[in-house]
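The values are calculated or read from the model by the stated rules, or taken from the named source; none is laboratory data. Since the structure is predicted, the reported quantities are computational estimates derived from the model, not experimental observations. Cβ placement follows ideal geometry from the backbone for every residue including glycine, while neighbour counts extend to all protein chains displayed. Ligands, DNA and RNA are stripped out before the accessible areas are found, and what is left, the full protein with its side chains, is counted by its heavy atoms. Shrake-Rupley method; radii C 1.70, N 1.55, O 1.52, S 1.80 Å.
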Amino acid sequence: MRDVTDPDYTVGIVGAGVMGQGIAQVTLAGGMRAILFDAKDGAAEAGRGEVFKRIDRLVEKGTLAADAASAQKER
């Protein structure tokens, strides 16, 4: 079994809808890399944007530090 703290650990998520976005956000918050896939053209990029909006909102609310948000977005 791989250690999830390994910097090469990546979670692939199929489906960029609300559920896939939530899985991606939790994955990023857990320190893992996430790759989001969707069969519909542009859906994965749109889902990524929605996840980033939620991360930014956590920074605005003061529940997530800006540097932690940047690190999550890099993953």
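Could you give the length gained on full extension between LEU58 and MET19, defined as 0.36 nm per residue of separation minus the Cα-Cα distance, in nm? Intermediate results must be reported in sequence, preceding the final value.
Working: separation 39, 0.36 × 39 = 14.04 nm, distance 1.84 nm.
Length gained, LEU58 through MET19: 12.2 nm.
The calculated 222 nm mean residue ellipticity attributable to helices in the chain amounts to -17000 deg cm²/dmol, summing -39500 (n - 2.57) over DSSP H runs of n ≥ 4 and dividing by all residues. Across all directions, the average projected area of the convex hull around the alpha carbons of the chain is 5.1 nm².
Of the solvent-accessible surface of the chain, computed with a 1.4 Å probe and all protein chains present, 56% belongs to carbon and sulfur. Packing, taken as the mean count of other beta carbons within 10 Å per residue, orders the peptides 53-64, 37-48, 13-24 from highest to lowest as 13-24, 37-48, 53-64. Once the Cβ-Cβ distance of ALA68 and PHE37 is raised to the sixth power relative to R0 = 22 Å, the FRET efficiency obtained is 0.30.
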